[in-house]
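In what follows, a structure is listed as structure tokens, so that the remarks can point back to it.
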Amino acid sequence: MKHKQDYSALLKINDDTIPDPLFLKGWVSEQSGITQWPPSMYFDIAEYLSSAPHSSNCDLKKRLMTDYKEGEAYSYFDSKFLKEVKYHPISKESPFCILSAYCTLSQKINSTFHTAWACYIKKTGYICRAYCTCFAG
């Protein structure tokens, strides 16, 4: 199963392994957890999109960056395609944290929710890994 191996590899960051966000318990609500979110900015998103394994897909990268620059990313949020963003610190000792949210496809707002998550370095906001259960990833 190539997909399972690829997903397992996402959970390994250098010598550390993060717990699978799809099965984690103890998420902190957006209202309570927003003050703990990592200091991630546009530059961090651009860097992740440019260096991630999917970066060879230039069309995807260009579309995502264009959507972000044109305010489309906010419109997706404003249109409720992205649900509550939850926070998980993993542990006090972990240098990583995870943000996760349910989301819907913009063309199929009544379809099943997908789960998107991203793993960050708490201190810097650097995005280490990201994943979505949507077939398109």
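The values are calculated or read from the model by the stated rules, or taken from the named source; none is laboratory data. Remember, predicted model here, so these are calculated numbers, not experimental data. Here Cβ is always computed from backbone atoms with ideal geometry, including for glycine, and neighbour counts include all displayed protein chains. Heads up: the accessible areas ignore ligands, DNA and RNA and are worked out on the full protein's heavy atoms, side chains in. Shrake-Rupley method; radii C 1.70, N 1.55, O 1.52, S 1.80 Å.
How about segment 27-137: which helices (runs of 4 or more DSSP H) wholly inside it have at least 2 residues that are on the phi < 0 side of the Ramachandran plot, more than 13 Å from the chain's Cα centre (by Cα) and modelled with pLDDT under 70?
Where helices (runs of 4 or more DSSP H) fall fully within segment 27-137 and carry at least 2 residues being on the phi < 0 side of the Ramachandran plot, more than 13 Å from the chain's Cα centre (by Cα) and modelled with pLDDT under 70, they are 58-69, 72-78.
Sort out which residues of segment 3-21 are in a loop (DSSP other than H, G, I, E, B) and either at pLDDT 95 or above or surrounded by 14 or more Cβ atoms within 10 Å (Cβ to Cβ) (or both), and write them in order of number. So that I can check it myself, show each step before the final result.
Taking segment 3-21 as the starting set, the residues that turn out to be in a loop (DSSP other than H, G, I, E, B) are 11, 14-15, 18-21.
Residues satisfying the conditions are Leu11, Ile18, Pro19, Asp20, Pro21.
How many residues, within segment 22-38, are open to solvent by less than 70 Å² (accessible area, probe 1.4 Å) and over 24 Å from Phe113 (Cα atoms)?
Looking only at that region, the number is 1.
How do the pairs read when you match residues in segment 14-31 that are under 17 Å from Ala101 (Cβ atoms) with residues anywhere that are open to solvent by 60 Å² or more (accessible area, probe 1.4 Å), using Cβ under 6 Å and keeping only pairs 6 or more apart or on different chains?
From segment 14-31, the pairs are Trp27/Lys86; Glu30/Glu84.
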